[in-house]
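Working notes, beginning with the structure itself.
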Amino acid sequence: MSVARPAKCLFCTFKQAARSSKPSTSTSTSTSTSAPRQFSSSPVKPNPRSRHGPAKQQQEKSVVDEIRPLSEEQINQNYTPEQAEAIKQTQQYLKKSFEDMTSSTARNLKPWTMTYVQPMTEIDPVLDKAVKAPWTNLDDNSRLKTEGELTEDIMRFMQSMPDGEKDAETALQNFLATNRITVGKPEAEHNPRSAIAPQTGKMVKQNLLPGQQPADPAQKSKGGRGKEGEGQDQEVSPALIRLMQMTGYNQRQLSALRVKSIISHRVVNQTRLGKIQKQYWLSVAGNQNGLLGIGEGKSEESAEGMIQSQYRAIRNMVPVMRYEGRTIYGNVKGKEGATELELYARPPGFGLRCQQYIYEMCRAAGISDIAARVTRARNPMNTVKAAFQALQSQKDPEEIAKGRGKKLVDVRKVYYAGNV
Amino acid sequence: MSLVELANICSHISNASKARLGFTSIPNSKLHLKLALQLQNSGFISTVVRGGATPPPAHHLLSHPSSNTPGHEIEPITRENVASRKLWLGMKYWNSEPVLEKMELVSKPTRRIWMDVEGLRKLVLGRQSGYVKGLGKPGECLFVSTDKGIMEARECVERKIGGQLLCKVR
């Protein structure tokens, strides 16, 4: 950077000032763009904003000019009546189409603007904040008019009533519609700030009843391999037939259940003839929509024991309460033997943060948000039983409220208008 | 303000509702009376009547008793009989289940717990505050002794008053 630069620039500014003070209009655009730029050696660029500006402005102007209508005098002077009529109609049509065009200028004049799925022009009673009149519309001194004041109004109206019958009628209607019935600010009567909550949206019944089957029969249980194999076969085992008779489900409904064998180990009975080995199985079954059951089976044949336990689990299915179809109602405790556990209700999207056995049970029952802590012994079998007991021991808040004689409102349902 | 007495009362009321008793009695004191009235207010018990060693007549439990009810007057408290007064509580049951399932102390006689509004707010939201577990079970209530009297924790939060935690009821 040279020392001479400031002095030079200073002269520049003098020059420029001298030039701009001249009343020359022909170079007005160039002078406006080349304003004094101190301490800058870069060439002067034209203003990027005005790059397309003048041309576009001219375009818009020309459109407006074209549509500018002739006055009636001009038309009548220069044209025959038929022509004049035609011109008038054309002008009307053009005016209307120009209005249409200007009302949708965003589309016509700015093709690059984004098109919105939600145009934000309407107020959604659920999503948007309720539009309320401002606080200033409230008037503490507002009150209903007394009888005397109302009669005064009527008297005043009678005195100023027009003569014609039709006029009188319209005036009366006008009076009835507009005459105020309160004293104080007019906004307090016509547009008061209401304390009433906005109307909520439509309640959506999303959860099926616990006993109902999910609508989609295509979903198949991954755990019920053995049973599925049975279902595919031509011959149906007597055990399956008995299960179908007991539960009232057909084969397709049974295959739609989520059945999973989660615990298996070898057990031995020592007799005087020797050891008798058997395989123990524990399975859980559920329709993933509020039904859950557990079943134990034991057999010398492993597969047989598994099927036995699965069928028992299906038979033992009972409805389990779920809050919003995703979690449990409050925290619950369960106890089986030395195993004690606690299940905790959790917010949406929390997931199943619990150990494998409780996880499988929750999957089968259709619970998606839960936390669990097994506080004492962690025997797998007892854990499953204790969790089952805990899930069953949930209390309905509605029943609690009835018992106490209170009214209960689920604030989540009110706040989100049932869309939770 | 004896928390030892209160502990006994908590156990006694829990036991009485487990045993499906129609009504039970607790020793008379100002603290017990206020707490019993709060329990009644929250809908855990049906009636609170101050009486003597024998339970008051049944119709007193079902109406508002007073000293001038003809035939069944409530004995006015005097210096002579005040020591023998008891509070008779009417227990409630719904769907063959006790309405008051469990009542347990939070402050202990050897360790009293006071809590400010922020802490109480946490508890009411079901979170832990200090060493006190939140109100996680549905319909659980926590009664707090404040300088505005005994009240429910939710009311405390509403009125922005802290105080000594007395007992959890569910």
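The values are calculated or read from the model by the stated rules, or taken from the named source; none is laboratory data. Computed from a prediction, not measured in an experiment: that's the story for all the values here. Here the Cβ positions follow ideal geometry from the backbone for every residue, glycine too, while neighbour counts run over all protein chains shown.
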* Can you name every residue in segment A:374-408 that is away from chain B (no Cβ under 14 Å) and in a loop (DSSP other than H, G, I, E, B)? -> A:376, A:377, A:378, A:379
* Structure fact -> Filtering strands (runs of 3 or more DSSP E) wholly in segment A:260-348 for at least 1 residues that are surrounded by fewer than 16 Cβ atoms within 10 Å (Cβ to Cβ) and in contact (Cβ under 8 Å) with a residue 12 or more places away in the chain gives A:274-286, A:291-299, A:332-336
* **Output for segment B:36-53, where each listed residue is within 13 Å of another protein chain (Cβ to nearest Cβ), aliphatic (A, V, I, L, M) and free of Cβ contacts under 8 Å to residues at least 60 places away in the same chain** => B:45
* Identify all residues within segment B:17-31 that are assigned to a helix (DSSP H, G or I), touching a residue at least 12 places away in the same chain (Cβ under 8 Å) and surrounded by fewer than 20 Cβ atoms within 10 Å (Cβ to Cβ); write none if there are none. => B:18, B:31
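Does residue A:307 meet the test of being in the same structural domain as residue A:244 (by TED's automatic domain parsing) and out of contact with any Pro (no Cβ under 7 Å at 6 or more places or on another chain)?
Working: in the same structural domain as residue A:244 (by TED's automatic domain parsing): yes; out of contact with any Pro (no Cβ under 7 Å at 6 or more places or on another chain): yes.
Yes.
I'm trying to understand the selection: among the residues of segment B:83-100, which are out of contact with any Ser or Thr (no Cβ under 7 Å at 6 or more places or on another chain) and touching a residue at least 12 places away in the same chain (Cβ under 8 Å)?
From segment B:83-100, those out of contact with any Ser or Thr (no Cβ under 7 Å at 6 or more places or on another chain) are B:83-85, B:93-97, B:99; that's our starting set.
Result: B:84, B:85, B:93, B:99.
Evaluate the following for residue A:338: is it farther than 20 Å from residue B:141 by Cα, in contact with a helix residue (DSSP H, G or I) (Cβ under 8 Å, 6 or more places away or on another chain) and at pLDDT 95 or above?
Values: farther than 20 Å from residue B:141 by Cα: yes; in contact with a helix residue (DSSP H, G or I) (Cβ under 8 Å, 6 or more places away or on another chain): yes; at pLDDT 95 or above: yes.
Spelling it out, residue A:338 is indeed farther than 20 Å from residue B:141 by Cα, in contact with a helix residue (DSSP H, G or I) (Cβ under 8 Å, 6 or more places away or on another chain) and at pLDDT 95 or above.
Matching residues to (1) away from chain A (no Cβ under 14 Å); (2) closer than 13 Å to residue B:46 by Cβ; (3) at pLDDT 70 or above:
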{"residue": "B:60", "(1), (2), (3)": "yes, yes, no"}
{"residue": "B:64", "(1), (2), (3)": "yes, yes, no"}
{"residue": "B:68", "(1), (2), (3)": "yes, no, yes"}
{"residue": "B:74", "(1), (2), (3)": "yes, no, yes"}
{"residue": "B:78", "(1), (2), (3)": "yes, no, yes"}
{"residue": "B:81", "(1), (2), (3)": "yes, no, yes"}
{"residue": "B:84", "(1), (2), (3)": "yes, no, yes"}
{"residue": "B:91", "(1), (2), (3)": "no, yes, yes"}
{"residue": "B:99", "(1), (2), (3)": "no, yes, yes"}
* Structure fact -> Residues in segment A:394-415 that are within 22 Å of residue B:125 (Cα to Cα) and small (Gly, Ala, Ser) total 1
